[in-house]
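What follows is one structure encoded as structure tokens, with my remarks underneath.
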Amino acid sequence: GQQVMQIPQYQHVQEGEDFTTYCNSSTTLSNIQWYKQRPGGHPVFLIQLVKSGEVKKQKRLTFQFGEAKKNSSLHITATQTTDVGTYFCAGPGGSEKLVFGKGTKLTVNP
Amino acid sequence: NAGVTQTPKFQVLKTGQSMTLQCAQDMNHNSMYWYRQDPGMGLRLIYYSASEGTTDKGEVPNGYNVSRLNKREFSLRLESAAPSQTSVYFCATRDSLSSGNTIYFGEGSWLTVV
């Protein structure tokens with residue numbers, strides 16, 4: 001079935017460093033979504049990408065959708081302690097389902 | 001506007017006990033989901049309901065049952081809890097009739113089976 005692979009599983013950075021997490025699908029995706037989960041919290045929707053090659057920005061966060069619509073990335077410029085959490089990508093899994101990657105847990109050393 | 005409300009937030013069960021996790025939404029969404037989250041495993045779909053009156057198995061349905069009581073409510077039942085079911089459970093909803101795919105999560109239920 002549909003699989004969404006996400007790397008790395010963990011990333012520790014110094015505050016001010018950049019961070020990137022990557023998401024790869026075994027099949028072409030109609031869209032991809034990104035969620036953020038703060039420690040002890042629940043996943044919260046960040047963004048959805050739909051078009052091939054699409055790039056969207058939210059302040060220091062840059063989201064990209066690959067040309068083949070099988071991969072995506074989230075890049076954070078100059079991380080801050082408020083960026084701490086786990087970032088998930090998710091793609092349609094058919095029949096109303098959404099398949100999540102296993103997430104990248106980001107820790108930031110102040 | 002509460003969004004997605006889950007109860008209880010925390011629960012400790014003994015092996016073999018049963019319990020029901022309740023979920024209610026006031027967003028008028030058609031689709032509802034139950035996920036479990038374990039360290040290193042991400043979010044795994046247990047069951048989902050595309051609309052009132054329908055339910056379907058997800059990735060890890062064994063040991064669980066669900067009921068879509070009405071459009072607002074989707075409950076998850078553990079008939080005979082096992083330590084392997086110790087996890088954080090998230091209920092979620094989606095407006096399947098709109099063009100968006102955003103999933104909205106409840107705050108989670110922390111379940112420990114001893």
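Compute for chains B and A the buried accessible surface, both sides summed, probe 1.4 Å, and express it in Å² to the nearest 100. Mind showing how you got there, number by number?
Working: alone 6010 and 6180 Å², together 10540 Å².
It comes to approximately 1600 Å² buried between B and A.
Just to compare against my own numbers: the Cα pair-distance distribution for chain B, 5 Å bins, whole % per bin, please.
2, 13, 24, 26, 19, 10, 4, 1, 0
List the lysines whose Cα sits under 20 Å from the Cα of A:K69, skipping any in the same chain fewer than 8 residues away.
A:K51, A:K56, A:K57, A:K97, A:K102
Given H placed on each backbone N at 1.01 Å, which residues far from A:L46 in sequence or on other chains put an amide H within less than 5 Å of it?
Those qualifying (amide H under 5 Å, at least 5 residues apart or on another chain) are A:W34, A:Y35, A:K36.
Given the whole protein assembly as supplied and a 1.4 Å probe, what does the accessible area of A:H12 come to in Å², nearest 10?
Accessible surface of A:H12 is approximately 110 Å².
Of B:S67, B:S51, B:S84, which has the largest mean-square fluctuation in a 10 Å C-alpha GNM of chain B?
B:S84
Short version: what are the Cα gyration tensor semi-axes of the protein assembly as shown, square root of 5 times each eigenvalue, largest first, in whole Å? Walk me through the numbers before you get to the answer.
Working: eigenvalues 175, 86, 47 Å².
With the √(5λ) rule applied to the protein assembly as shown, the semi-axes are 30, 21, 15 Å.
Take every Cα pair under 8 Å in chain A that's 6+ residues apart, average their separations, divide by the length, and report that relative contact order as a whole percent. Write out the running numbers ahead of the final one.
Details: 284 pairs, mean separation 40.3, N = 110.
Answer for chain A is 37 percent.
Only counting protein heavy atoms at a 1.4 Å probe, give the residues of region A:39-71, ordered by number, whose accessible area falls by 10 Å² or more when the other protein chains are present relative to the chain alone.
Flagged in region A:39-71: A:G40, A:G41, A:H42, A:P43, A:F45, A:Q48.
Tally Lys/Arg at +1 and Asp/Glu at -1 over every other residue whose Cβ is under 11 Å from the Cβ of A:Q9; what's the total? Could the numbers behind the result be given before it?
Values: positive: A:K102, A:K105; negative: none.
Residues near A:Q9 contribute +2 overall.
How large is the dipole of chain A about the Cα centre if only Lys and Arg carry +1 and Asp and Glu carry -1, each at its Cβ, rounded to the nearest 20 debye?
Working: 12 positive and 7 negative charges, 46 e Å.
It works out to roughly 220 debye.
Report relative contact order for chain B in percent, whole number only (criteria: Cα-Cα under 8 Å, sequence separation at least 6). Before the final figure, lay out the partial values.
Details: 298 pairs, mean separation 40.4, N = 114.
Result for chain B is 35 percent.
Rounded to whole Å and ordered largest first, report the semi-axes of the equivalent ellipsoid of region A:4-109 derived from its Cα gyration tensor (root of 5λ). All intermediate terms of the calculation are to be shown ahead of the outcome.
Working: eigenvalues 102, 43, 26 Å².
Over the Cα atoms of region A:4-109, the semi-axes work out to 23, 15, 11 Å.
Could you look at the protein assembly as shown and say what percent of its accessible area is carbon and sulfur, using a 1.4 Å probe and all protein chains?
Values: 5250 of 10540 Å².
Accessible surface attributable to carbon and sulfur in the protein assembly as shown totals 50 percent.
Pairs to check: A:K105/B:K9; A:K36/B:K71; A:K36/A:K70; A:K59/A:K105. Give those whose C-alpha atoms are more than 25 Å from each other in this structure. Walk me through the numbers before you get to the answer.
Working: A:K105/B:K9 23 Å; A:K36/B:K71 27 Å; A:K36/A:K70 20 Å; A:K59/A:K105 20 Å.
Distance filter (> 25 Å) returns A:K36/B:K71.
Only loop residues by DSSP count here, and only those with at most 13 other Cβ atoms within 10 Å; note down the GluC sites (Glu not before Pro) in region B:32-105 that meet that. Intermediate values should be presented prior to the final figure.
Working: sites: B:E52, B:E59, B:E73, B:E79; in loops: B:E52, B:E59, B:E79.
Here the GluC sites (Glu not before Pro) that fit, given the DSSP loop and packing criteria, are B:E79.
Taking a cut-off of 27 Å between Cα atoms, list the lysines near B:K14, but don't count ones fewer than 8 places away on the same chain.
B:K57
Can you sort B:Y104, B:Y47 by 1.4 Å-probe accessible area, starting with the largest? Show your work: numbers first, answer last.
Working: B:Y104 100, B:Y47 25 Å².
Per-residue accessible area, sorted high to low, gives B:Y104, B:Y47.
Specify which residue in the list A:G94, A:N24, A:L46 is farthest towards the positive end of the charge dipole of region A:4-109, using unit charges on the beta carbon of Lys, Arg (+1) and Asp, Glu (-1), about the Cα centre.
A:G94
The values are calculated or read from the model by the stated rules, or taken from the named source; none is laboratory data. No experiment lies behind these values; they were computed from the predicted model shown. Cβ: placed from backbone, ideal geometry, glycine included. Neighbour counts: every protein chain shown. Ligands, DNA and RNA are stripped out before the accessible areas are found, and what is left, the full protein with its side chains, is counted by its heavy atoms. Shrake-Rupley method; radii C 1.70, N 1.55, O 1.52, S 1.80 Å.
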